[in-house]
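I have placed the structure first, in the form of structure tokens, so that the comments after it can refer back to it.
Every number in this text was worked out from the coordinates using simple rules, so none of it is lab data. Since this is a predicted model, take the numbers as computed values, not measurements. Virtual Cβ from ideal backbone geometry, glycine too; neighbours counted across all protein chains shown.
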Amino acid sequence: MRADNTQHLLDAARRRAQATRRRAGAALRRMDNTGTHVTFDALAREAGVSRSWLYNQPDLRAEVERLRDRPHPAAGRPVPDRQRSSDASLLRRVEVATQRIHELETDNTRLRHALAEALGERRAVAARGPRHDTPRP
């Protein structure tokens, strides 16, 4: 009588399925991190899996569709999700920029007044004429 190897076959199939999922997940993260345009075909090639297998994995399918449908910048590669700015960080950057603009406007006003005073003094000296307090030879 032959030994029942069914459990060994099931274990091997389970390990193979887990390895395939890990490969697909790693390939998806790699594509997102490098800004590669994510499609089912590109991911299948990158991970070495079939497109039909990807379509049958609900979590991977949802992630591919989300990354595929994200807006792409006009020039260059898409920005990976982990590098995108949050609304809070963008708001903070606007606040910092607004404060810096205010500081620069204040400096600009101060410098304009200083320049106007210097030019006024120069004009006054020129209007008085040449200085005659130096002895002539």
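For A42 and R68, the difference between the fully extended length at 0.36 nm per residue and the C-alpha to C-alpha distance is 8.3 nm. Between R22 and D87, the distance separating the two model label sites (each 7 Å from Cα on the Cα→Cβ line) works out to 3.9 nm.
7 Å from Cα along Cα→Cβ at both V94 and Q7: what's the point-to-point distance in nm? Spacing of the two 7 Å Cα→Cβ label points: 6.3 nm.
Based on the alpha-carbon set only, what is the convex hull volume of segment 86-132 divided per residue, in Å³?
Working: hull volume 2.1 nm³, N = 47.
Measuring per residue, one finds 45 Å³ for the Cα hull of segment 86-132.
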